[in-house]
Structures are given as C-alpha cells and as structure tokens.
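Quick note: the coordinates plus some simple rules give every number you see, no bench work behind them. Every value quoted in this text rests on a predicted model; they were computed, and no experiment measured them. As a convention, Cβ positions derive from the backbone with ideal geometry for all residues, glycine included, and neighbour counts pool all protein chains shown.
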Amino acid sequence: MTIEEVIKSTVKMDNAKKVILNIMYTQNVIQDHFNELIKPYDLSGEQYNVLRILRGQKGKPANMCVIQERMLAKTSNTTRLVDKLLLKEFVTRNVCPDNRRKIEVLITQKGLDVLKELDPKVDEHEKTFADNLKPEELTFLNQLLEKYRTNK
C-alpha cells in the first residue's frame, strides 16, 4: 500500500513529504506492534529501553545522565521512568558514595529475567518486519536512514 492509499490522500505530494509521512507511519506501525508485545509485562517502550540500557552496563550502575544520553527518545522523563521500574522491582536506585548529588541505577535480577523472557519475542518482532526485505535491502535502508537524518 502506498502512503497516499494509507492516509487516503488525493492530493499530489512531493517525495520529500511522502518520505516524512512514510517514516512517521512506519514508526507508528512498528511501535503499535511492539507495544502489544510488551503489554503483558506492564512495560512501556521507554521503560523497556531503560532496562536494555541498564543490562548493557553489565552489572555496573548507570547514573541518570548516562541513561538519558542513551535513550532513543531524548525527551523521555528518565526520573519518572526509573521510579516506575523501581516500583516493579526491576531496578534499584542508590545515592553515589563519591557524589551525593548523583543517583546510581542498577538492573535487578527480576529486570534481567523479564528481558531474558522478552528477548526472543523482540527478535521475532524485528524479524517480522525485516523478512519483508532482502538482506542487502536492509543494509541499504539502514544506510539511507542514517544519511537522511544527518544534519548538514
């Protein structure tokens, strides 16, 4: 289906506009599918992202700035996300012994277990979309998207 068919547009659009609409629509399709996947775990996409970041620390705590820098959505309220993960016992939060103004966040075993359970489901989610393209098309699409979002 073309983007014009999806949004039921009869107005001629230039390619620049179509690309933006296509990216936004595709992101929504992927996000909706992903949200359904993590819904049974009472996680948002942003909370899942925080857990992945913390797992990537390999047992070392991360402060709020490190988490914020690595978030996919840079406007995320990291403190609120960590608070929610704390209530679910997926993370711990402690004051840094060297700098009392710094908060250190660490993923718990419960958080690691949830990610371990989700990993194959997330892999399948990614594969579902990737299977629509050949490996070389995926490589090319990545190159195009990286080039597209580069500011001059």
| said: As a test of the formula, what do you get for the chain when each DSSP H run with n ≥ 4 contributes -39,500 (n - 2.57) and the sum is divided by the residue count, at 222 nm and rounded to the nearest 500 deg cm²/dmol? | reply: -19500 deg cm²/dmol
| message | If you take every residue apart from Pro61 with its C-beta less than 10 Å away from the C-beta of Pro61, what net charge results, scoring Lys and Arg +1 and Asp and Glu -1? | response | +2
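With a sphere of radius 13 Å drawn around the Cβ of Lys121, what net charge do the other residues whose Cβ falls strictly inside it have (Lys, Arg +1; Asp, Glu -1)?
Details: positive: Lys39, Lys116, Lys127; negative: Glu36, Glu117, Asp119, Asp123, Glu124, Glu126.
Cβ neighbours under 13 Å give a net charge of -3.
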| query | With each pseudo-label sitting 7 Å past Cα toward Cβ, what's the Lys121-Asn22 distance in nm, one decimal? | reply | 3.2 nm
| Debye log10 I(q)/I(0) at q = 0.14, 0.16, 0.17 Å⁻¹ for the chain, Cα point scatterers | -0.85, -1.01, -1.08
| task | Obtain the nm distance between the two label points defined at Gln109 and Val66 by a simple spin-label model: each point lies 7 Å from its Cα along the Cα-to-C-beta direction. | result | 2.2 nm
| field | segment 1-38 residues near the modelled Phe129 label - backbone nitrogen below 13 Å, point 7 Å along Cα→Cβ | value | 22-37
| query | Once both labels are modelled 7 Å past Cα along the beta-carbon direction, what's the Asp42-Leu141 spacing in nm? | reply | 3.5 nm
| request: Let me see the pair-distance distribution of segment 42-129: every alpha carbon pair, 10 Å bin width, integer percents in order. | output: 17, 51, 27, 5, 1
| query | Can you give me the Cα centroid spacing of segment 90-152 and segment 26-43 in angstrom? | reply | 14 Å
